[in-house]
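Asker: Below is the structure I would like to discuss, written out as structure tokens.
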Amino acid sequence: GVLFYTLKALLVILLPVHPLWKSPVSVPGGTRQSPINIQWRDSVYDPCLKPLTIQYDPSTCLHIWNNGYSFLVEFEDSADKSIITVGPLECHYRLKQFHFHWGAINEWGSEHTVDSKVFPAELHLVHWNANKFSSFEEAISEDNGLAVIGVFLKIGTHHKGLQKLVDALPAVKHKDTSVEFDVFDPSCLMPSCPDYWTYAGSLTTPPLTESVTWIIKKRPIEVDQDQLEEFRLLLFTSAGEEEKKMVDNFRPLQPLMNRTVRSSFE
Ligand SMILES: NS(=O)(=O)/N=C1/NCCS1
Ligand SMILES: [Zn+2]
């Protein structure tokens, strides 16, 4: 009856806004949103795709901070000191920050999936096109403005390079806290295998702009259970507020629509 249809209408109106993101889960008119499921057999090998060239300068590391979505490690990006180039890219892109997404338990947490397999966490290294633009803020809403490397995390052996990061997390437990982080080389977080998928997508947190060339590494890195548990001790909330554990900070999968995922490997 009328009650059923009223409830149904309410659901449709409320459904698109996921409480976690305080922004629509789907962007009206979005045709290239992220994350997506990568169906391995549907990806197309492109022999023109070369290995990615990564040149990070550990001294460009500035600080770690909790922005209320994740914890970010930010880099000094006023010169071409930490850059990526080649791979699927036609320009060189400067490292701005890296951060992670993870679940409350190991059964979920990543944003991208591979053949519907979910990983416990996913690392994002965010870069902006320094050939075409003069700042991250300018590049964020432009075509070919950003390149984000995605690396899956799986539970396994202790990750020595990550531990320096993990040891700093108690200092950024609350939203809007930061701590100086002088020297860190993010290339220690890269798997040794050069293989990746690449596709045209968007940011997965606000402003969700469709400006990202995604480079998703085929092989995960291994971290141990204790290291991932440390991520789960962070809070979404500021000091003095009712505590909300920072977990499940991933966006739901978005429709592939008219896109092809290319692979750098056969
Ligand atoms: N998770 S993500 O890297 O796609 N989203 C971002 N939003 C603002 C800077 S990075
Ligand atoms: Zn991210």
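Asker: Among S264, W214, T204, which residue has its Cα positioned farthest towards the positive end of the charge dipole of the range 126-266, with +1 placed on the Cβ of Lys and Arg, -1 on the Cβ of Asp and Glu, and the dipole taken about the Cα centre?
Answerer: Toward the positive end, the furthest listed residue is S264.
Asker: On to the next question. So what is the relative contact order for the chain, in percent, with contacts set as C-alpha pairs under 8 Å and at least six apart?
Answerer: Relative contact order of the chain: 26 percent.
Asker: Also: Hey, could you grab the Kirkwood Rh for the range 204-255? Inverse mean 1/r over distinct alpha carbon pairs, Å, one decimal.
Answerer: In the range 204-255 this quantity evaluates to 14.3 Å.
Asker: Okay, moving on. Per the Kirkwood formula on distinct C-alpha pairs, the Rh of the chain is how many angstrom?
Answerer: After inverting the mean inverse Cα-Cα distance, the result is 19.2 Å.
Asker: Hey, how much of the P(r) for the range 138-266 falls beyond 27 Å, as a percent of Cα pairs?
Answerer: 32
Asker: What distance in nm separates the two pseudo spin-label positions at D115 and V183, each 7 Å out from Cα along the beta-carbon direction?
Answerer: Distance between the two pseudo-spin positions: 4.3 nm.
Asker: With labels modelled as points extended 7 Å from the Cα through the Cβ direction, what inter-label distance (nm, one decimal) is found for W108 paired with K173?
Answerer: So the two model labels end up 2.7 nm from each other.
Asker: Additional query: To the nearest 20 debye, what is the magnitude of the charge dipole of the chain about its Cα centre, counting +1 on the Cβ of each Lys and Arg and -1 on the Cβ of each Asp and Glu?
Answerer: In total the dipole reaches around 740 debye.
Asker: Going 7 Å from the Cα of S78 along its beta-carbon direction, which residues of the range 117-157 have the amide nitrogen within less than 14 Å of the resulting point?
Answerer: Answer for this model: 135.
Asker: In Å, the Kirkwood hydrodynamic radius of the range 25-117 over pairs of distinct alpha carbons?
Answerer: One decimal place: 16.4 Å for the Kirkwood radius.
Asker: What list of ³J(HN,Hα) values in whole Hz, one per residue of the range 235-248 in order, does the Karplus curve 6.51 cos²θ - 1.76 cosθ + 1.60 (θ = phi - 60°) give from phi, with Gly and Pro shown as x?
Answerer: 10, 6, 9, 7, 4, x, 7, 4, 5, 10, 4, 7, 9, 6
Asker: Among the GluC sites (Glu not before Pro) in the range 61-129, which ones are in a DSSP loop with at most 16 other Cβ atoms within 10 Å of the Cβ? Mind listing them?
Answerer: E76, E90, E107
Asker: To check my understanding: the extent here is largest minus smallest coordinate of the Cα atoms along each principal axis. What are those three numbers for the range 150-198, in Å, largest first?
Answerer: Cα spread of the range 150-198 along its principal axes, largest to smallest: 36, 26, 21 Å.
Asker: Counting only DSSP beta bridges with both residues in the chain, what percent are antiparallel, rounded to the nearest 5?
Answerer: If we restrict to bridges inside the chain, about 80 percent are antiparallel.
Asker: I've got another one for you. Taking a probe of 1.4 Å, how large is the accessible area per residue of the chain, in Å²?
Answerer: For the chain, the per-residue accessible area is 47 Å².
Asker: While we're on this one: Is it possible to state the helix-based mean residue ellipticity at 222 nm for the chain, with each DSSP H run of 4+ residues giving -39500 (n - 2.57), the sum divided by total residues, to the nearest 500 deg cm²/dmol? What is it?
Answerer: -3500 deg cm²/dmol
Asker: Okay, next question. Suppose the Debye formula is applied to equal point scatterers at every Cα of the range 73-218; what is log10 I(q)/I(0) at q = 0.14, 0.16, 0.17 Å⁻¹?
Answerer: Log-scaled intensity ratios, in q order: -0.72, -0.95, -1.08.
Asker: Would you please give the FRET efficiency between Y5 and D57, computed as 1/(1 + (r/R0)^6) with r the Cβ-Cβ distance and R0 = 51 Å, to the nearest 0.05?
Answerer: According to the calculation, E is roughly 0.25.
Asker: ³J(HN,Hα) across the range 57-72 via Karplus (A = 6.51, B = -1.76, C = 1.60, θ = phi - 60°), whole Hz, x for Gly/Pro?
Answerer: 9, x, 6, 7, 5, 9, 7, 10, 8, 9, 9, x, 10, 8, 10, 10
Asker: Can you give the FRET efficiency for C48 and E137, using 1/(1 + (r/R0)^6), R0 = 25 Å, r = Cβ-Cβ distance, to the nearest 0.05?
Answerer: After rounding, the FRET efficiency stands at 0.20.
The values are calculated or read from the model by the stated rules, or taken from the named source; none is laboratory data. Everything numeric in this text was worked out from a predicted model, so none of it was measured. Every residue, glycine as well, gets a Cβ built from its backbone with ideal geometry; the counts of neighbours run over all protein chains shown. Ligands, DNA and RNA are excluded from the accessible area calculation, which covers all protein heavy atoms including side chains. Shrake-Rupley method; radii C 1.70, N 1.55, O 1.52, S 1.80 Å.
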